[in-house]
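**Q** Before I ask anything, let me first share the structure, which is written out below as structure tokens.
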Amino acid sequence: MTSATVTLDFKALQKTWSAFDRLAHLRPIRTEDEYDRTVSLMNCLVDIVGDQEDHPLSGLLDLVSELVEDYDKSHYVIEASEPKEILRYLIELRGLKQGDLAEIVPQGNLSAILSGKRKISATLAGKLAKFFSISPAVFVPG
């Protein structure tokens, strides 16, 4: 294994970082306020980037999503539960309304899922997992 020499213009990096930091203030998440700010940044990036893996901001979205996911894993442990309860929890956790998920699942279907009258399909589990940045397995009954 060889080590590659990294040559960076640190003056340019410092200037660029300072400008970026004033806008995004991206840091490891340690408090609920930082979490809320970072989730807000992530949601804005999702709106801009969408499914475009080659979008110029997709790498930033990946990084921000990982920060949120790391905080979620260490602060919001989800015990084994029914998929509908996990979905209800995630909606509440993010301060969402049923209408906020309308592009993923029609509101009537979502109401039926949350009331236990309807199951979460594998396709919907994948869409919800992507939306919440979690594994689709949490929406599949164990």
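**Q** Against the definition (among the aliphatic types (A, V, I, L, M) and touching a residue at least 24 places away in the same chain (Cβ under 8 Å)), how does Leu63 come out, yes or no?
**A** Against the criterion (among the aliphatic types (A, V, I, L, M) and touching a residue at least 24 places away in the same chain (Cβ under 8 Å)), Leu63 qualifies.
**Q** Let me confirm something: among Ser133, Ser111, Ser81, which residue is surrounded by 12 or more Cβ atoms within 10 Å (Cβ to Cβ) and touching a residue at least 60 places away in the same chain (Cβ under 8 Å)?
**A** Unique residue meeting the criteria: Ser133.
**Q** For the range 28-62, how many residues are surrounded by fewer than 12 Cβ atoms within 10 Å (Cβ to Cβ) and over 21 Å from Leu93 (Cα atoms)?
**A** Count: 7.
**Q** In addition: Filter the range 112-124 down to residues that are modelled with pLDDT of 90 or more and within 19 Å of the chain's Cα centre (by Cα), then give me how many there are.
**A** Total meeting the criteria: 1.
**Q** Taking only the range 64-78 into account, find how many residues are surrounded by 14 or more Cβ atoms within 10 Å (Cβ to Cβ) and out of contact with any Pro (no Cβ under 8 Å at 6 or more places or on another chain).
**A** Residues flagged as surrounded by 14 or more Cβ atoms within 10 Å (Cβ to Cβ) and out of contact with any Pro (no Cβ under 8 Å at 6 or more places or on another chain) within the range 64-78 amount to 7.
**Q** Testing Glu92 on (1) loosely packed, with under 10 Cβ neighbours inside 10 Å; (2) modelled with pLDDT under 90, one condition comes back false. Which one is that?
**A** (2)
The values are calculated or read from the model by the stated rules, or taken from the named source; none is laboratory data. Bear in mind that the values here come from a model prediction, so they are computed numbers and not experimental data. Cβ sites come from the backbone with ideal geometry, for glycine too, and all protein chains shown count toward neighbours.
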